[in-house]
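*Asks:* Right, I'll just put the structure down here and ask away after.
The values are calculated or read from the model by the stated rules, or taken from the named source; none is laboratory data. Note that the structure is predicted; figures quoted are calculated from it, not measured. Because the Cβ atoms are built from the backbone with ideal geometry, glycine has one as well, and the counts that use them run over all protein chains shown. Surface areas here come from the heavy atoms of the whole protein model, side chains and all, with no ligands, DNA or RNA. Shrake-Rupley method; radii C 1.70, N 1.55, O 1.52, S 1.80 Å.
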Amino acid sequence: MIARMLPIDGGPPFDLEKALTVVGRNDTCDVRIEHKSISKLHCVLVVAGTQVLVRDLGSTNGTRINGQRVRRAALSKHDILGIAGFKYRLKFGPGGDSSVIDEHPSHDGHDDANDTHAPEASPIKKDSEPVLKRNVLPDTYDDEK
């Protein structure tokens, strides 16, 4: 299935043609956004079925979903992805309009499927398998002051 990032308030639209797409200013990035607010290696977008996973790469101006700065998160079709000052909405399907779209959809942007939080994973050890531990870094940042 084709995934396309449509700009909300300016910026270029782009397709997620590969399973893993690196976004940034660097010449080696899959999607290059030439703007001083975009880090050289800003974020990674991973297409997993009908979902897109987002991972910030330590960018200066951050990666946000619905205004919340995130280190990593899942992006649904109702979410707004912020890459520095550029905002995008995810669209799945063939073709797609490349024009700027409305920032205020009829949906409230709240996904009930994300309301449940998995309990913290316990280290698991079996004979010769490595010990698995939960990443101590939170997926989102606390409210910025």
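*Asks:* Among (1) part of a loop (DSSP other than H, G, I, E, B); (2) on the phi < 0 side of the Ramachandran plot; (3) open to solvent by 10 Å² or more (accessible area, probe 1.4 Å), which single condition is SER59 missing?
*Replies:* (3)
*Asks:* Let me ask you something else. Could you check how many residues of the range 76-98 are modelled with pLDDT of 80 or more and of a type outside the set (Lys, Arg)?
*Replies:* Total satisfying the criteria: 13.
*Asks:* Filter the range 67-88 down to the residues that are part of a strand (DSSP E or B) and open to solvent by less than 20 Å² (accessible area, probe 1.4 Å) and list them by number.
*Replies:* The first filter runs over the range 67-88 and keeps only residues part of a strand (DSSP E or B), leaving 68-70, 72-75, 80-83, 86-88.
Of everything in the range 67-88, those that are part of a strand (DSSP E or B) and open to solvent by less than 20 Å² (accessible area, probe 1.4 Å) turn out to be VAL70, LEU75, LEU81, GLY82, ILE83, TYR88.
*Asks:* Just the residues that are farther than 19 Å from GLY93 by Cα and of a type in the set (Ser, Thr, Tyr), please, taken from the range 34-63.
*Replies:* SER37, SER39, SER59, THR60, THR63
*Asks:* Quick one: is ARG72 under 24 Å from TYR141 (Cα atoms) and either aromatic (Phe, Trp, Tyr) or touching a residue at least 60 places away in the same chain (Cβ under 8 Å) (or both)?
*Replies:* On the way: under 24 Å from TYR141 (Cα atoms): yes; either aromatic (Phe, Trp, Tyr) or touching a residue at least 60 places away in the same chain (Cβ under 8 Å) (or both): yes.
Yes; evaluated as a whole, the condition is true for this residue.
*Asks:* What residue, among those in the range 13-38 that are among the polar types (S, T, N, Q) and not in a strand (DSSP E or B), is nearest to GLY49 (Cα to Cα)?
*Replies:* Initial filter on the range 13-38 (among the polar types (S, T, N, Q)): 21, 26, 28, 37.
From what is left, the residues that are not in a strand (DSSP E or B) are 26, 28, 37.
Working: ASN26: 27, THR28: 25, SER37: 30 Å.
Per the stated criteria, the residue is THR28.
*Asks:* Then there is this: Are there any pairs with C-beta distances below 6 angstrom linking a residue in the range 40-61 that is over 18 Å from TYR141 (Cα atoms) to a residue that is among the hydroxyl-bearing types (Ser, Thr, Tyr) and crowded, with 17+ Cβ neighbours inside 10 Å, with the two at least 6 apart or on different chains, and if so which?
*Replies:* Going by the 6 Å Cβ cut-off, the qualifying pairs are LEU45/THR21.
*Asks:* Give me the residue from the range 28-56 that is open to solvent by less than 40 Å² (accessible area, probe 1.4 Å) and not hydrophobic (A, V, I, L, M, F, W, C) and, out of that set, nearest to the chain's Cα centre (by Cα).
*Replies:* Going through the qualifying residues, I end up with ASP56.
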